[in-house]
Amino acid sequence: MAPKKKYKPTTRLVHGPEHSAKWDFSHHVTPPLSSSTTYRLDSARRGARGFTEFGGPVSDFGETPVYIYDRLDEPTRSILEGELADVEGGECCATFASGMAAISGILSSILVPGDAMVAHPTLYGCTHSLFTNWYPSMGIEVERTNLNDLTALADAVTEKTRVLYFESPVNPTLELVDIEAVAEFCSEINAKRPPERRLLTVIDNTFATPFGQRPLEHGADIVVHSLTKNLGGFGTELGGAVICPKEFIGRLLLYRKDFGAILNAKGAWAILVYGLPTLALRIKRQQYTAGKVARWLTEQAAVESVTYPGLEDFPQYDLAQKQLRDFDGDFAPGNMIYFALDSAQVDPEKFVNYIARYAYSLTLAVSLGHTKTLIEMPASMTHSVYGEEAGRHVRLSIGLESPGDIMSDMADALEAVS
Ligand SMILES: Cc1ncc(COP(=O)(O)O)c(C=O)c1O
């Protein structure tokens, strides 16, 4: 069989590993859905091996790993982890029960009381909550600084700082962080630090997915994902993932084993069988529609501003062109749009309520990266923890509907509430 690396990521995501020692039977076209909480052990020695080998590297080749208990390791999840590490270009991956479990898992397995972290000001609401409501009381300081301002960043980083944390594109504003600039900043700091105290960049790549951006290629150290969104793609599974260098995987798996937030095998199977193989197809179609919808929004009198990385007036258009590239090297501005209504002309809440009641092609719901177009108001919903006024901003996650239908439903809503 030809080596898998010869093929493009789009093809690799459809076919998965060309061989896997991770399950004991090998003639399935679709990976089997394993559903066993515990594993038969041929001998006490095998049981002991399972525990001593746990946390070590697991590959598709060589010997089948010794599975002992689902919470430690499990074949379907393990194959998904191999695929995610491969497509992000990383060494290892650990999946989790949710994106938040992945984010708290990697940070809590790196940071100890007395350490500090610098995070970009705007983040997904629950990540912001983790950093404000939990870490400080656990002895981990979290400083908030614009990571695109390297002078401010230099002031914020102290000897205690171990992690720079950000999303790019940022949820919900779609602001970008220059990953290469931040990675270069870290390299300068790290030239003066011992390797075990080096400053690490952790990026949440949920919005772009590896289809649209591979942060490790730009110098980031660790990538986190909510698999619930674009990677899962169908809105049926909650999950998260961390892609990291080998040196972090043992402690991360130990953390996952003991804190217990594993991705269930059925969820892993659905993401592996439906989510990943359709990733490129879905996002290409969604961003084609997003481009049309974003341009249409700019033409509406009641719309004050439209933020979409594919629009030429996007404030960081050059950076978007550099960072957001798909597997073929084409520009990948994504499927998310953030826009503001002119509240003198339209009450944003009335607009959204009208959509909730009458629109067929848009659904008022949080989350994103679904087959269905989802609309929400971040200030009062996903980002309400920031405690800002409800505001004029609306977030759109474009689905797989016909673009004309989405525009027509929004046009009806604008007309009805103007
Ligand atoms: C950017 C981002 N990161 C992380 C998460 C958390 O993911 P989950 O809901 O799977 O825990 C979300 C959820 O909306 C998100 O938008």
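Taking Arg256 and the conditions (1) open to solvent by less than 10 Å² (accessible area, probe 1.4 Å); (2) more than 15 Å from the ligand (Cβ to nearest atom); (3) among the basic types (Lys, Arg), which numbered condition does it fall short on, given that it satisfies the others? Only one criterion is unmet by Arg256, namely (2).
Tell me, please, whether a residue that is closer than 21 Å to Gly260 by Cα, assigned by TED's automatic domain parsing to the domain that holds Lys266, within 11 Å of the ligand (Cβ to nearest atom) and touching a residue at least 40 places away in the same chain (Cβ under 8 Å) can be found in segment 81-88. For segment 81-88, residues closer than 21 Å to Gly260 by Cα, assigned by TED's automatic domain parsing to the domain that holds Lys266, within 11 Å of the ligand (Cβ to nearest atom) and touching a residue at least 40 places away in the same chain (Cβ under 8 Å): absent.
For segment 200-220, which residues satisfy the criterion of being within 16 Å of the ligand (Cβ to nearest atom) and assigned to a helix (DSSP H, G or I)? Listed by number, the residues that qualify are Thr209, Pro210, Phe211, Gly212, Pro215. Ile249 meets each of the listed conditions (1) without any contact (Cβ under 8 Å) to a residue 60 or more places away in the chain; (2) assigned to a helix (DSSP H, G or I) apart from (1). Selection of first residues in segment 375-392 that are farther than 19 Å from Thr127 by Cα and basic (Lys, Arg) and of second residues that are part of a loop (DSSP other than H, G, I, E, B) and open to solvent by 50 Å² or more (accessible area, probe 1.4 Å), restricted to Cβ pairs under 7 Å at least 6 apart or on distinct chains, gives the following pairs, ordered by first then second residue: Arg392/Ser343. Scanning segment 266-279 for residues that are open to solvent by less than 10 Å² (accessible area, probe 1.4 Å) and touching a residue at least 60 places away in the same chain (Cβ under 8 Å), which turns out farthest from Gly240 (Cα to Cα)? Here the answer is Leu279. With respect to Lys229, is the statement that it is open to solvent by 30 Å² or more (accessible area, probe 1.4 Å) and in contact with a Cys (Cβ under 7 Å, 6 or more places away or on another chain) true? It is false that Lys229 is open to solvent by 30 Å² or more (accessible area, probe 1.4 Å) and in contact with a Cys (Cβ under 7 Å, 6 or more places away or on another chain).
The values are calculated or read from the model by the stated rules, or taken from the named source; none is laboratory data. Remember, it's a predicted structure, so these values are computed and weren't measured experimentally. Methodologically, a virtual Cβ is constructed for each residue, glycine included, from the backbone with ideal geometry; neighbour enumeration extends over all protein chains shown. Accessible surface areas use protein heavy atoms only, side chains included; no ligands, DNA or RNA. Shrake-Rupley method; radii C 1.70, N 1.55, O 1.52, S 1.80 Å.
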